[in-house]
1. Please compare each pair in A:LYS529/A:LYS613; A:LYS156/B:LYS156; B:LYS610/B:LYS645; B:LYS547/B:LYS645 to a cut-off of 31 Å on the Cα-Cα distance and tell me which ones are over it.
2. Can you tell me, using C-alpha contacts under 8 Å and at least 6 residues apart, the relative contact order of chain A as a whole percent?
3. Give me the inter-chain shielding for A:325-332: mean count of other chain Cβ atoms within 10 Å, whole number please.
4. Quantify how much of the Cα-Cα distance distribution of chain A extends past 48 Å, in percent.
5. Pop the C-beta distance of B:TRP444 and B:ILE244 into the FRET formula with R0 = 45 Å and round what comes out to the nearest 0.05.
6. Test of understanding: what is the full-extension gain from B:ALA520 to B:LYS579, defined as 0.36 nm times their sequence separation minus their Cα-Cα distance?
7. Report the FRET efficiency, 1/(1 + (r/R0)^6), for B:ALA491 and B:SER546, where r is their Cβ-Cβ distance and R0 is 30 Å, rounded to 0.05.
8. Report the charge-dipole magnitude of the protein assembly as shown in Debye, nearest 20, computed about the Cα centre from +1 at each Lys and Arg Cβ and -1 at each Asp and Glu Cβ.
2 protein chains.
Amino acid sequence: MTEFTVAFSPSGKRGRFAEGVSVLEAARKLGVDLDSVCGGRGICGRCRINVVEGIDQKRAITSALDHVTQAGDVENRYQRVRRRPFMASERLGCQARIRGDLLVDIPAESQLHRQVVRKRAESWPVKIDPVSRLYYVEIEKPDMADPSSDFRRLAKSLAEQWGMADVRAGVPVLRGLQRTLRAGDFAVTACVRHGRDIVAIYPGLKERVFGLAFDIGSTTVAAHLCDLGSGDVIASSGRMNPQIRLGEDLMSRVSYIMMHPGGDRELTQAVQEALAELANETAQQAGVARGDIVEVTLAGNPIMHHLALGLDPTELGVAPFALTIDAGVDVPAREIGLEIAPGAFAYALPCIGGHVGADAAAVVLCEAPYLSEEIRLIVDVGTNAEIVLGNRSRLLACSSPTGPAFEGAQISCGQRAAAGAIERLRIDRATLEPRFKVIGCDLWSDEKGFAEAVGRTGVTGICGSGIIEAVAEMAISGVLRPDGIIDGAMAERSRRVEAAGRTFSYVIAEGEPRIAVTQADIRAIQLAKAALYAGVKLLMDRYGVSKVERITLAGAFGSHVDPLYAMTLGLIPDCPLDKVSSAGNAAGTGARIALLNAASRREIGEVVRKIEKVETAIEPAFQAHFVEAMAIPHARDAFPHLEEKLGVTLRREVISEPRRRGGRRRG
Amino acid sequence: MTEFTVAFSPSGKRGRFAEGVSVLEAARKLGVDLDSVCGGRGICGRCRINVVEGIDQKRAITSALDHVTQAGDVENRYQRVRRRPFMASERLGCQARIRGDLLVDIPAESQLHRQVVRKRAESWPVKIDPVSRLYYVEIEKPDMADPSSDFRRLAKSLAEQWGMADVRAGVPVLRGLQRTLRAGDFAVTACVRHGRDIVAIYPGLKERVFGLAFDIGSTTVAAHLCDLGSGDVIASSGRMNPQIRLGEDLMSRVSYIMMHPGGDRELTQAVQEALAELANETAQQAGVARGDIVEVTLAGNPIMHHLALGLDPTELGVAPFALTIDAGVDVPAREIGLEIAPGAFAYALPCIGGHVGADAAAVVLCEAPYLSEEIRLIVDVGTNAEIVLGNRSRLLACSSPTGPAFEGAQISCGQRAAAGAIERLRIDRATLEPRFKVIGCDLWSDEKGFAEAVGRTGVTGICGSGIIEAVAEMAISGVLRPDGIIDGAMAERSRRVEAAGRTFSYVIAEGEPRIAVTQADIRAIQLAKAALYAGVKLLMDRYGVSKVERITLAGAFGSHVDPLYAMTLGLIPDCPLDKVSSAGNAAGTGARIALLNAASRREIGEVVRKIEKVETAIEPAFQAHFVEAMAIPHARDAFPHLEEKLGVTLRREVISEPRRRGGRRRG
C-alpha cells in the first residue's frame, strides 16, 4: 500500500494516508475543520478546497493537481448544476483522492466552524457552531417485504451516514415526514439539534437555515434574524412592547396581574404576539421561509423572561423576589407562539437573580468579564441598572433601582432618544447661556442655520444623555449647588434661572415647547445617579477594590451618554476615560452569541451560577452610599483628570454630616 | 454497637442491623419491597408494617412490639390526623426503630410493587410499577440572600431527599410551580416520570394519581381510568368513534383524506375530541380531578394510531403501506388535546407493521406469547384480523382482510352484538327448524315465555357469533353444501329454505323484521373465514408447524363466538377445544399493562422489532390457502373431535380441483 503525506493549511495539520483516500476523509481523520452537508456525495460543495502544492520528495514544487485524482462526473455535474465552475486549483474535498504528497488549503468558507470576531477590542471570537446543524441523507425506500417505518429508515441513514445514534423526532416533525421524504425522492436534509433531536426535515439538499435572537425589553422588543452558517444578521426589526398598554413599567405590569385574574396570560399573549410578528417581519425582509428558522434565543429582564415563557411573574414583584426558574430554559418554539420549523426550540438565557435577568446574563456573555484579567465594571442602564463587577476570578452582580430618569422618563421635559431631543448641552460659564445639539441635526443651537436644520420637528424635549449633560453643566457653572439645589441667587445673574414657586428652574429653550430643567428633575436625576453609584460602590466594597480598570456602558443610554459627563456627575466611579466605552446593545449581542455557539450556553449557565448576587434592598451599606452619592458633582476621586478635560475647577464641597442626615437643605 | 436480626415476610429476606435503625431503612438495605411517598416523615402511612414476632434468641416467641421503639408523637399524629388507628401489631416502618430481633410482615398494601395477576390461566403477573411516581418533598423557602429559583430548590430537595439527579420540568409544569409551592407552604408532592421529568406538582402530601388507557378502534373508542397505585380500573367508558361520520371503515377514511385537503386534521380532531370527552367522563365517574391524571397509553390499528397522534395516514392506504413511525411514541398529552396533568405524556404502543398496529402490539403484550413454550395462535378479529403465531423462540404476525362480516356488517340482517341480536342458533337435523337465543334474554326461542322475555326489543338481527353458528348449522344440517351454496333441493323438505331469485335463503324468523341468511351472506362469511384461515395457515407454513398448541381469540367477536363453531366452520385450525379461549379486550388490557408497568414498554418495544411481519398481499401461498379454505365446513383435521362434540358426522367432500378454479358451482 502506497502512502503519501497530506498537509493542510491554515491548520498546519499533516498525516500519512493511503493512495485513494479522499481529501475530506483525510481532513476528518486529522480533525481538520472541513465542512460537508451532503456527507461526501459531491452535491453540497461545502468541502471546496484548493490543492495548492504537491509536496514531492524529489522536486520542491510540482503541479499540484497531479497529486490528486482527476475531476470526474460528480464534480463536473456539481460545476454545471450549481453554475459554480472551479478556480484553477479548486476541487471538492470529498471527490479528490490522494495520489501523491499534497498541501491542501481550506478556504474560510469551507471551514465548518468559522469564527466571527466581536467588533470591540476586549471581545473574544465566537465560533459559529450552532446547536442545530444540517445533515443530508439518502434513505432506503419503503418495501412491502420490510415493514420498517419511514422514521426508522431515516434514523438508520443518519446513524450510518453521519454516526448519529438514537435521533428523536416529536410529533410535529413526524407530521410532515412522509410527504417530505417523497417530495425529495427519499433524499432529504435533516436539521438536528444537539446531534439528537430532529428539528426539521427538508426535501433534497438544504444549505441554509436561520435563527432568531430576541431581546425583550420592557419598552421595546428587538429581533435579529441570523444565518446559522455564516453568523451574519440578515434582518433586524424592533417594535414597542405591546404590554405597555397594560402598564408603562415593570411594576405596574405586575400590579396589573395582581389586580386582574388571568392578567399574566394577557401580558404573555401580548409579548408572544409581538415575537411572532417580529419573526414574520424579519423573515419577510430577508425572503426566508418561516420553516427555515430552526432556533430561537431570548434575553430579557426577569419579568419579561417569565412573561415571554408564559410564567406568572407575580412573585418577582414581592420580596423575596423568587424566580420560577433561573437556569437556561429550552421550550418548544410553538409553545411560545412561534410558527417556525416544526421541532424548533427557543432557548431563554439563564437569570442571574430575581432582579438581574437573562438580559444581564446576555450582557455578561457578550462582554465576557469572566475571561478578563482586568477588573471590569459593566453597567446596563434601563429602568433598573444591572451592574456586574469583577474578572475571571470573581464576579458580582446587582440591580439598582435607578428608575426611568436616565431614559428621559419622569423628567418634566424628558423624552426618549428620538429626533428633536436635546442630547448634548453646554452652559457658558460666564453668561450661563446654554447651547445644545438635538438628535437628527449636526449643528449646535448657536450655529448658523440651526433653526432651518431642525426644521419642522423643532426641539421637542430632552433625552437621557441630554439631561445628564444639563445637570453636570449646571453644577460646573454654579447654577446647581453640590447638594442638588438650583441656586436662586443665580437668578440675579441670568434670566435662565427662573423662580417656580418655592424652587427654581433652568430654562434651556423658551419656544414651544418651553424646555427647562426643574428642581424636581434634578431630584430625579440625583436619586437615579445615587442609586447607580451606590450599587456600583456596594459591589466594589464586596469585591474589596477601590478602583475598577475598565468600564463598559451597555444599552441605549450607554451608547448615547458621554462618559466624561457620566463620570463628572458621578454615575460611574473613577477610571481612565479611554477605558470607558459603550457596548451598544450587548444583551442583543449576547442573545446572538447563544444562537450561534452551542458551547456558549453551557458557558453562561456555569458563569451565572458562580456570580455572587447582591441584593441592594437588604444591604445597609447601600443606603449610606446612596446618601453620600447624592452630591453634585460627586466623583471626587476622578476630579483631577475630569477638570483637565472640562477646563474647569470642580467644587469640592461635600454635604456635611448633620445636613446629610437631615435630608434636603433649602437654598 | 449492638446488632439485631431483622427478617421480613413474605419475602423471607433477613439481615443484621444496628440498634436504632428504622424498619424502613432496614427494608431498603435488603431490597425489601416497602413503599413510602413521604420519604420517612411519618406522613403518608405507605410503610405500615406488622411487627409480628420478636426473634428472641432465648425464648422462641416474645412480645413483638418490645423489639421496636415505642410509637411516639409522629405516629400518634398520623393515627389522629388520618383517622387510621393502628391494629395491635401495626406500626409505621419509618418510625419504628430496631431494638431487638424482629420478624416484620409487610402487608400487600404497603408493597411498592404490588402485583396484579392477569385473570386468565396462561397470563403472567404484572408488577405495578408505572413510569410516573409520587415523591413528597419539603423545600427551602426563598430568601433575599439566596436568589436561587423555586425550581432549583425543588430540584435540590428531590436530589437530596430522593436521590433524583437532574430532574427537568417543561414550561407547562413550571407555570403552576410558584403557586403550588406556596399553597403547600413549601411542602409538595412531585409526580416524576422515569425519575427525570416532573409531570405535576401538588401541594402537601398527595397519595393517589391516575392513568388512562385508551383503546382506539375504528368503530369504538374505549377508555379505562386506572389508579396507578393499586392498578385498579376505577372507571371505564366508551363511545362510537366520531370519525364514522367521515367514513364507515378505515379505507373510506383514508379516501376521505385523499379527496379532502386537510381531511387528516379533521379526522384527527374528531378522534382527539372523543379522547378528551372520555377523559372527562371517566374522571367525573370516579370523582377524580383531571389534573390527577398523569399518564396515558394508546392502542389502535395503524391508521387510528396515526390519526390519534395527528399523523397523516395517507401512506397507510397505498402500497407499500409505510408507517411514519413504528416505535413506541411519547407525546405530550396536551399535544393530542388532553387537558390533564400539565407535564403528562401519552405513550402510543409500537406498531408491528403497516397493517398490524399498536392494537396488535397491545394484544401481544397482554397475551405474552413471547414468554410461552407452547406454540400459540392469537387472533384479534375486527374489520381486519390481526394474527400472531409463535412462542418464545419465534413470533410471526400478519393482517388478513376478513372484512367486517364477523362483526355483523355486510350481512343482510347483520347487526352489532347488542340486545335483540341472535347470538346462538341450532337447526334441527330432521325438520330443519331453527331455534336461537338473542342477546339480553336467557331463553331459547322455542322455550316457553321467550316472546315475553325478549319483550319490546324483539329479535332485531343477527350478530357475528350468530351468523357463524347459523352458517355452521346450515352446513351440518345439509342446508348448505361444502362449496357454500344453499341447497335448493332442501326447499322441498322445509319452507325455511326459500327461493330468492336464482339463489336460496334460509329463513330464521318470519316476523318483523324478517331474518334470513341469504346466499350473499354465506359468500361474505365464506370470504371472511377463508381470509382468516389463509392468514393463519400462511404463518403456520412460515413457522413450519402443522398444528398449534393453544388458540386465543381476542376482541369482542372472540368473546362471543363459540370455539366449537368457529372451528367447525374453519375460522381457526385444529386444536383441543379446551385450549381455545377468549382473551376479551386484550388490546385494552395491553394498554393498561403499558400504563401500569414501565418495563413492559421496553419489553413490547423489543418484542415488536423481533416479530416477523408477513405481508399477505404479496404471498402467493395466501391465494392458494384462501381458495382451499372456501369449503364449508372446512377444518377437516379437527373433524373427529368436533363430530363427537356436535353429535353429527361432518361431510368430508372437498371442492374438486377444476371446480375450485372455476369458482362457483351452481345448485
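Please treat every number below as a calculation from the coordinates, not as lab data. Note that the structure is predicted; figures quoted are calculated from it, not measured. No Cβ is skipped: glycine too gets one built from the backbone with ideal geometry, and neighbour counts run over all protein chains shown.
1. A:LYS156/B:LYS156; B:LYS610/B:LYS645
2. Dividing the mean separation by the residue count of chain A yields 10 percent.
3. Taking all residues of A:325-332 together, the mean is 5.
4. Of all Cα-Cα pairs in chain A, 29 percent lie more than 48 Å apart.
5. 0.85
6. 18.0 nm
7. 0.15
8. 740 debye
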